[in-house]
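A.B. asks: My structure is below; once you've seen it, I'll send some questions.
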Amino acid sequence: MSTESNFRAPPPRLPRLLCLHGGGTSAMIFKIQTMRLAHCLRPHFHLVYVNAPFPCGPGMGVLPVFESAGPYYRWTPVNPGDDVTRVRTAIRKAMIEEGDGMPFVGVMGFSQGAMLAAGILMEQCRTGAGLAGEDVKFKFGVFLVPGFPPLGVDSRYTGLGDKYEYGKGEADSRYHGAIEVPSVHMHGLRDPVVERSRALARCFPDPECEGGKGIPKTILEFDTEHHLPLGKAGMADTKVLANAILKTYYGPQWEPDKKASSGVEDDISYLT
């Protein structure tokens with residue numbers, strides 16, 4: 001094999017965005033799901049995708065589109081004896097390998113991965129420590145069609161240390177406003193778990209409310225099911241989502257970069 005074919009270009013010198021896929025998918029599938037969004041964010045962030053450590057069957061909405069795209073993984077343990085420390089280990093490993101001296105500024109998750117992203121930020125708020133050490137603290141989070149509640153990083157418990165039961169605890173007021181980190185939330189109005197998505201958004205304080213501390217929080221609800229905006233109609237929604245993320249990161253002075261977002265239709269119009 002030639003030296004040229006072994007060459008791997010170094011990642012760009014950009015801030016890192018940690019990307020956590022949904023349950024029953026993979027880092028590769030999440031890359032495909034976020035192609036449009038990544039196109040808009042690419043001038044600003046290097047997206048780092050991580051495979052969850054526990055193999056499983058395909059998750060919600062994975063088939064038939066990704067029928068031949070296995071193996072599939074999940075963030076929560078499958079068997080009682082599964083080593084829960086593998087979650088933190090997998091994420092830290094990816095951050096070290098893909099960091100290249102650049103900061104990880106945000107975390108973005110889809111479905112179960114969004115629940116874990118919320119749990120990571122909750123741990124950061126409660127302990128004051130970053131996921132990979134004191135020097136790595138996320139400045140914002142992005143939550144794409146998430147479930148509820150936030151997952152503890154050890155995956156057997158919620159972000160508040162309760163035993164994790166999927167779909168339980170939507171009305172638990174202990175979570176309300178508990179994660180004081182800027183955030184962007186994308187919900188699907190036709191998503192079966194939309195109420196759980198809204199419950200997760202309530203974990204973040206409302207900036208306008210008393211006690212909200214003015215921490216930025218954006219909630220976007222699109223006419224989709226349990227997936228990101230698709231088809232030609234979804235192109236505009238994708239740009240709205242991307243600009244919300246960039247405004248959260250850069251601040252209210254952010255103005256949409258038309259040049260950076262142009263060409264989305266040409267590059268990935270086949271993704272329907």
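A.B. asks: For region 65-185, state the average projected area of the convex hull of the C-alpha atoms over all orientations, rounded to one decimal in nm².
C.D. replies: Its average projected convex-hull area is 8.6 nm².
A.B. asks: Continuing with the same structure: For the peptides 246-256, 115-125, 37-47, what is the packing order when you average, over each peptide's residues, the other Cβ atoms within 10 Å and list the highest mean first?
C.D. replies: Averaged packing, sorted descending, gives the order 115-125, 37-47, 246-256.
A.B. asks: Ok, one more. Run the simple label-point estimate for THR127 and GLU208 please: 7 Å along Cα→C-beta, distance reported in nm.
C.D. replies: Reported label-point gap for THR127 and GLU208 is 3.6 nm.
A.B. asks: Rounded to the nearest Å, what's the spacing between the alpha carbon centres of region 211-232 and region 17-37? Just the number, please.
C.D. replies: 17
A.B. asks: Give me PHE140, PHE110 sorted ascending by neighbouring Cβ count inside 10 Å, so fewest comes first.
C.D. replies: So the residues, fewest neighbours to most, are PHE140, PHE110.
A.B. asks: With r defined as the distance between the Cβ atoms of ARG198 and GLU67 and R0 fixed at 30 Å, what FRET efficiency is calculated, to the nearest 0.05?
C.D. replies: FRET efficiency, ARG198 to GLU67: 0.45.
A.B. asks: Let me ask you something else. In region 92-109, whose amide N lies under 18 Å from the spot 7 Å out along Cα-to-Cβ of LYS31? List them in ranges.
C.D. replies: Residues 93-100, 108-109 qualify, since their backbone N sits under 18 Å from the label point.
A.B. asks: Using modelled amide H (1.01 Å from N, peptide plane; none on Pro or chain starts), what sits under 5 Å from the amide H of GLY177, excluding residues fewer than 5 places away?
C.D. replies: Residues meeting the amide H criterion: CYS203, PHE204.
A.B. asks: Which residues does the label zone of TYR157 cover in region 90-132, counting backbone N under 19 Å from a point 7 Å along Cα→Cβ?
C.D. replies: 115-132
A.B. asks: Please list, ordered by chain and number, the residues whose modelled amide H lies under 5 Å from the amide H of SER183; skip anything fewer than 5 residues away on the same chain.
C.D. replies: Amide H neighbours of SER183: GLY141, LYS217, THR218.
A.B. asks: Next up: Expressed as a whole number of Å, what is the distance separating the alpha-carbon centroids of region 140-160 and region 66-114?
C.D. replies: 13
A.B. asks: Go through region 17-32 residue by residue and turn each phi into a ³J(HN,Hα) via Karplus (6.51, -1.76, 1.60, θ = phi - 60°); whole Hz please, and just put x for glycine and proline.
C.D. replies: 10, 6, 10, 10, 6, x, x, x, 10, 6, 4, 5, 5, 5, 4, 5
A.B. asks: Counting other Cβ atoms within 10 Å, keep those with at most 11, restrict to DSSP loop, and tell me which trypsin sites (Lys or Arg not before Pro) in region 82-112 are left.
C.D. replies: Taking region 82-112 and a limit of 11 other Cβ atoms within 10 Å, no loop trypsin sites (Lys or Arg not before Pro) are found.
A.B. asks: Each residue of region 110-120 in turn: what ³J(HN,Hα) in whole Hz from Karplus with 6.51, -1.76, 1.60 and θ = phi - 60°, glycine and Pro shown as x?
C.D. replies: After applying 6.51 cos²θ - 1.76 cosθ + 1.60, I find 10, 6, 4, x, 6, 5, 5, 4, 5, x, 4 Hz.
A.B. asks: Provide the three semi-axes, in whole Å and in decreasing order, of the ellipsoid equivalent to region 12-254 as defined by the square roots of 5 times the Cα gyration tensor eigenvalues.
C.D. replies: Ellipsoid semi-axes (Å, largest first): 22, 21, 20.
A.B. asks: Antiparallel as a % of all DSSP beta bridges within the chain, to the nearest 5?
C.D. replies: 20
A.B. asks: Determine the alpha carbon to alpha carbon distance for each of LYS93/LYS163; LYS213/LYS247; LYS163/LYS213 and list only those over 23 Å.
C.D. replies: LYS93/LYS163; LYS163/LYS213
A.B. asks: Now a separate question. If each residue of separation counts as 0.36 nm, what is the full-extension length gain between ASP100 and HIS176 once their alpha-carbon separation is subtracted?
C.D. replies: 23.8 nm
Any read-out appearing in this document is the output of simple, stated calculations on the displayed coordinates, not a laboratory observation. Quick caveat: nothing in here was measured; it's all calculated off a predicted structure. Backbone-built Cβ (ideal geometry, glycine too); neighbour counts: all protein chains shown.
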